[in-house]
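Worksheet for the structure shown next.
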Amino acid sequence: MATEMVTSKAADSGMDIAEIMKYLPHRYPLLLVDRVLELVVNERIVAIKNITMNEPQFTGHFPNHPVMPGVLMIEALAQTAGLLAFKSVGNEIGPKSVVYFVGIDGARFKRPVVPGDQLRMEAVLLRYTRGIWKFAVKGTVDGVTACEAELMCTLKEID
């Protein structure tokens, strides 16, 4: 797999679910990015996740007060950042390509995300050094911050 970053910074018109699935190995129920609205390689990405009541986590979190678990919000943001990483190196995923978490810093949760919400996810590339990507990520609902963090990840080929 290539580790060089693409040098173009042209804005991409976005990605639908079919294209997202070319870049992320996740599938139902753990594919948490529905659409990419904006993408500038080596710079930033904006994507959305539509939160619906029929998602499996809401049967137990919580039965009478459904709230999207914070860990799934972070995972959705990580998938968004992963899309930016894959697009920035110019590779679709191969059968052995995977993005691994290296670290999560400063995660904060500011408001609950519930069915009917649309989580707007933004990731900004802070740096890329020796195969490690660092992103500032933020999830908002109706313009209000729901969660934010700094995420680090790396692209790997698995056996």
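The values are calculated or read from the model by the stated rules, or taken from the named source; none is laboratory data. Keep in mind the model is a prediction, meaning the values are calculated, not measured. Neighbour counts run over all protein chains shown; Cβ positions are idealised from the backbone, glycine included.
Computed values, structure above
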| read-out | value |
| --- | --- |
| Positions within segment 110-135 being assigned to a loop (DSSP other than H, G, I, E, B) and either closer than 23 Å to Asn42 by Cα or not aliphatic (A, V, I, L, M) (or both), in sequence order | Lys110, Arg111, Pro112, Pro115, Gly116, Asp117, Arg130, Gly131 |
| All positions within segment 127-137 that are surrounded by 14 or more Cβ atoms within 10 Å (Cβ to Cβ) and touching a residue at least 24 places away in the same chain (Cβ under 8 Å) | Tyr128, Trp133, Phe135, Val137 |
| Answer residue from segment 139-159, given it is on the phi < 0 side of the Ramachandran plot and without any contact (Cβ under 8 Å) to a residue 40 or more places away in the chain and is surrounded by the fewest Cβ atoms within 10 Å (Cβ to Cβ) among those | Val144 |
| Criterion: within 20 Å of Val89 (Cα to Cα) and at pLDDT 95 or above - qualifying residue of Asp12, Asp16 | Asp16 |
| Selected residue [basic (Lys, Arg), touching a strand residue (DSSP E or B) at 6+ places or on another chain (Cβ under 8 Å) and over 24 Å from Leu37 (Cβ atoms)] from Lys110, Lys96 | Lys96 |
| Yes/no for Arg111 being on the phi > 0 side of the Ramachandran plot and not small (Gly, Ala, Ser) | no |
| Elements of type strands (runs of 3 or more DSSP E) contained in segment 32-109, each with 3 or more residues being in contact with a Cys (Cβ under 9 Å, 6 or more places away or on another chain) and surrounded by fewer than 18 Cβ atoms within 10 Å (Cβ to Cβ) | 97-109 |
| Failed condition for Pro115, given (1) within 16 Å of the chain's Cα centre (by Cα); (2) under 24 Å from Ile48 (Cβ atoms) | (1) |
